[in-house]
Amino acid sequence: MRAHNPKDSGADQGQLAPTARGRKYMSGFGNGFETEALPGALPIGRNSPQRCPYGLYAEQLSGSPFTAPRSTNKRAWLYRIRPTVANWGNFDKADIGLWRTGPAHATDVPIAPMRWSPIPIPTHSLTFIEGMCTMTTAGDADSRAGMGAHLYFATRSMEDEYFYNADGEMLLVPQEGRLRLCTEFGLIEVEPGEIAVIPRGVKIRVELVAGPARGYMCENYGSAFALPERGPIGANCLANQRDFLAPVAMYEDRDTPSSLFVKWGGKLWATTIDHSPLDVVAWHGNYVPYKYDLRRFSPVGPILFDHADPSIYTVLTSMSDTAGTANVDFVIFPERWLVTEDTFRPPWYHMNVMSEFMGLIYGQYDAKAHGFLPGGASLHNCMLPHGPDNESFERASNVELKPSKLEGTMAFMFESCLPQRVTEYAVKVEQLQKSYRVYGKMLKSRFDPNRP
């Protein structure tokens with residue numbers, strides 16, 4: 001195997017940004033990047049020359065229709081040792097385990113808030129793909145609308161095993177353990193507190209960096225994730241383009257029997273190939289995998305009274321065909337100052353047309369005093385009531401309202417305009433907190449007509 005660092009080239013490449021571990025990335029969200037692992041490997045001034053440098057093949061990966069508007073047109077040109085079609089053998093159906101794709105069959109579960117304690121990482125051998133467990137699905141992957149919310153567990157690295165997802169874009173949210181994502185475009189490492197997005201169709205091999213791993217994954221069937229508009233907030237704060245990092249070209253030239261898995265139509269397919277498909281020597285374009293450090297999110301909020309809508313904490317959004325309505329929003333609840341006066345500061349009691357799948361990466365969520373733990377999850381579905389538990393209500397109603405800072409916490413939400421259907425796995429797993437569906441009964445009447 002030959003792994004090469006890039007040589008800078010081109011005005012649109014973007015800034016090379018070092019990470020804490022010394023690996024280099026290119027910064028910027030949605031940029032037209034270009035990078036090469038061998039000098040002169042990237043054709044200049046054209047995409048498909050008659051003969052590519054170094055005897056490479058030119059291959060385009062399109063993430064949008066050819067005629068999509070320039071602002072939403074996504075594609076990358078890859079210059080690789082073999083084209084993808086050279087990998088194409090006889091695919092057989094493979095065991096997809098507990099990974100489910102919408103539309104999911106309805107399960108016999110009462111309509112109610114749902115919450116799960118952290119599910120322990122299994123002790124037996126599981127790759128990232130084998131350890132994918134679906135909790136909910138919304139919409140229909142075939143019609144390119146909706147999402148799936150999954151937990152992933154991995155106890156071993158993928159070895160001579162490669163995968164790509166044709167059904168959806170994958171947003172990975174590590175909660176325990178670091179992942180090394182070996183992609184066609186280069187290497188990405190992510191740890192708890194960071195996220196990574198792998199576009200539909202991008203080949204990967206997932207390796208463990210320091211022991212077993214657990215986390216969350218949003219499989220986005222709809223339009224690609226984009227940065228939300230800031231509206232009257234203006235030009236700054238929330239997630240800034242410069243903090244998103246794309247990998248630099250790094251290729252494998254390795255001939256060895258390997259497995260290629262493809263998720264297509266809700267099923268997993270497998271074939272045997274004789275080489276690594278991560279053989280891209282140079283590439284350019286804006287359809288790329290990327291990572292983002294959630295701790296660089298710059299939150300905004302109310303500074304006098306009332307609690308703002310959680311939409312102000314949106315990191316990435318996948319829009320639906322209805323203006324102002326998200327197919328999926330990825331929202332976080334990070335460290336932040338609370339300064340409002342005469343205000344109930346946690347999220348209010350609510351019934352919402354959107355469905356909300358939540359997870360906790362670390363720390364404590366301010367609307368739940370007990371039971372919502374790092375690695376756990378909750379589901380508050382479309383038009384089902386939810387809000388702070390009794391202890392959180394009492395504390396927030398009686399605390400002295402002085403400036404205070406929520407520290408050491410990072411929760412998130414996959415929010416969709418579509419109802420989320422719960423899988424059989426999620427209903428039957430022993431970590432389902434059956435008492436959570438009636439936690440609101442602890443909230444008693446405090447009405448006194450004689451005391452305003």
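Here are the numbers for the structure shown:
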| read-out | value |
| --- | --- |
| Residue list for segment 87-130, given a label point 7 angstrom along the Cα-to-Cβ vector of Arg156 and an amide N cut-off under 20 Å | 94-99, 121-130 |
| Within straight-line cross-link reach of Lys93, lysines at Cα separation under 16 Å, skipping those fewer than 8 residues along the same chain | Lys263, Lys267 |
| Size of electric dipole in segment 367-444: Cβ of Lys, Arg +1 and of Asp, Glu -1, about Cα centre, debye, nearest 20 | 180 debye |
| Whichever lysines have a C-alpha closer than 24 Å to that of Lys24, once near sequence neighbours (fewer than 8 apart) are set aside | Lys7, Lys74, Lys203, Lys291 |
| From phi via Karplus (6.51, -1.76, 1.60), per-residue ³J(HN,Hα) for segment 164-177 in Hz, x at Gly/Pro | 9, 10, 8, 8, x, 6, 10, 9, 9, 10, x, 10, 8, x |
| Computed log₁₀ I(q)/I(0) - Debye formula, equal Cα scatterers, no solvent, the chain, q 0.06, 0.09, 0.13 Å⁻¹ | -0.27, -0.60, -1.20 |
| Vicinal HN-Hα couplings computed from phi for segment 191-202 (Karplus, 6.51 cos²θ - 1.76 cosθ + 1.60; Hz; Gly/Pro x) | 9, x, x, 10, 10, 9, 10, 10, x, 3, x, 8 |
| Leading residue at positive end of dipole, the chain (Cβ point charges), from Pro388, Phe185, Leu151 | Phe185 |
| Within segment 142-277: Cβ-based charge dipole about Cα centre, in debye rounded to nearest 20 (Lys, Arg +1; Asp, Glu -1) | 360 debye |
| Cα centre as origin, Lys/Arg/Asp/Glu Cβ charges: the chain dipole, Debye | 180 debye |
| Relative contact order %, the chain, counting alpha carbon pairs below 8 Å whose residues are six or more apart | 20 percent |
| Distant-in-sequence amide H partners of Tyr290 (H built 1.01 Å from N, under 5 Å) | Val197 |
| Contact order normalised by residue count of segment 285-354, Cα under 8 Å, 6+ apart, percent | 32 percent |
| The chain - percent of accessible surface contributed by carbon and sulfur, probe 1.4 Å | 52 percent |
| Label point distance in nm, Ala369-Asp92, each placed 7 Å from Cα along Cα→Cβ | 5.7 nm |
| Farthest toward positive dipole pole in the chain [+1 Lys/Arg, -1 Asp/Glu at C-beta], among Phe412, Tyr79, Pro374 | Tyr79 |
| Peptide ranges 201-208, 267-274 listed from the most packed, as the mean C-beta count within 10 angstrom indicates | 201-208, 267-274 |
| Label-to-label distance, nm, for residues given as Trp264 and Glu229 (7 Å Cα→Cβ offset) | 3.7 nm |
| Computed [θ] at 222 nm, deg cm²/dmol, the chain (DSSP H ≥ 4; -39,500 (n - 2.57); rounded to nearest 500) | -1000 deg cm²/dmol |
| Probe 1.4 Å, protein heavy atoms only - accessible area per residue of the chain in square angstrom | 46 Å² |
| Normalised contact order of segment 311-390, rounded percent, pairs of Cα under 8 Å and 6 or more residues apart | 25 percent |
| Selected from Ser445, Ile273, Phe330, residue furthest toward positive end of dipole (the chain; charges at beta carbon) | Phe330 |
| Note, ³J(HN,Hα) from phi for segment 86-93, Karplus 6.51, -1.76, 1.60, rounded to Hz, x at Gly and Pro | 5, 7, 7, x, 8, 7, 10, 5 |
| Sum of side-chain charges, Val109 neighbourhood, beta-carbon under 14 Å (Lys, Arg +1; Asp, Glu -1) | +3 |
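The values are calculated or read from the model by the stated rules, or taken from the named source; none is laboratory data. Being a predicted model, the structure only gives us computed values, none of them experimental. No Cβ is skipped: glycine too gets one built from the backbone with ideal geometry, and neighbour counts run over all protein chains shown. Just the protein is used for accessible areas: all its heavy atoms, side chains included, with ligands, DNA and RNA removed. Shrake-Rupley method; radii C 1.70, N 1.55, O 1.52, S 1.80 Å.
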